[in-house]
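Scroll down for the structure; my scribbles are underneath it.
The values are calculated or read from the model by the stated rules, or taken from the named source; none is laboratory data. Note that the coordinates shown come from a computational prediction; the quantities given were computed from them, not determined experimentally. Backbone-built Cβ (ideal geometry, glycine too); neighbour counts: all protein chains shown. Ligands, DNA and RNA are stripped out before the accessible areas are found, and what is left, the full protein with its side chains, is counted by its heavy atoms. Shrake-Rupley method; radii C 1.70, N 1.55, O 1.52, S 1.80 Å.
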Amino acid sequence: MRRRDFIAGGVLGLAASPTWAQGANDIAIPIRLANGRVLVDVTLNGTGPLPFVIDTGAAVSGMMQALADRLKLTPARHVRLNGKGFPLYEVQEVVYGGAIRQPRVALFGLERSMTLGGDGLLAAGVVTAMDSQLEFERGVWCVHPNGAPTLEGYEPLPSEMKTNV
């Protein structure tokens, strides 16, 4: 697995949930809240649906080690994160909410305490490649492949990102 494939392990973007008008090409993925977490069902290599937590504070996506064992996945390699070793698995196909398919996704084998109540977690990198919004009232994660809609009554905040380069 190339480093670029690993880093590009995402397909979607995630934002707040203001009111928007759904466009013709938008994709609505069902979500639900449980114990203060946003859950989305995923299918891994045809197995599922499995509840995964959207964890925008996580640097990498992962699945419970027991799930990797059940799917008979072999580690592509072992990696260290924060001084601890983890197996890294390559899943041939992930389907998010029955709506978006992503081939070749790298997922860490995680301990139960790290999955926050689901069978796995989707890290920030998974949810930043396209514009999208969580609509809690409708129970959907709406992905906008052609860009985010204009949000009536909202104004962008002036901001900038500075680097130490």
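Relative contact order of region 70-165, taken over Cα pairs closer than 8 Å and 6 or more residues apart, is 13 percent.
Under the definition of Cα pairs under 8 Å and six or more residues apart, what whole-number percent is the relative contact order of region 116-161? Present the calculation step by step, with values, prior to reporting the outcome.
Details: 22 pairs, mean separation 11.4, N = 46.
Computed over region 116-161, the figure is 25 percent.
According to the square roots a ≥ b ≥ c of the eigenvalues of the Cα gyration tensor, what is the shape class of region 89-163, taking rounded for a/c under 1.5, prolate for a/b larger than b/c otherwise, and oblate for the remainder? Prolate. Each residue of region 158-164 is assigned a 3J(HN,Hα), and the resulting list reads x, 7, 8, 10, 10, 10, 9 Hz, derived from the Karplus form 6.51 cos²θ - 1.76 cosθ + 1.60 (θ = phi - 60°), x at Gly and Pro.
What number comes out for accessible area per residue over region 46-157 if the probe is 1.4 Å? Units Å², please. All intermediate terms of the calculation are to be shown ahead of the outcome.
On the way: 5840 Å² over 112 residues.
Computed with neighbouring chains in place, this is 52 Å² per residue.
Between residue 118 and residues 5 or more places away or on another chain, which pairs have amide H atoms under 5 Å apart, with H built 1.01 Å from N, and which residues are they? Long-range HN contacts for residue 118: 53. Charge tally for residue 143 (other residues, Cβ to Cβ under 11 Å; Lys, Arg +1; Asp, Glu -1): -2.
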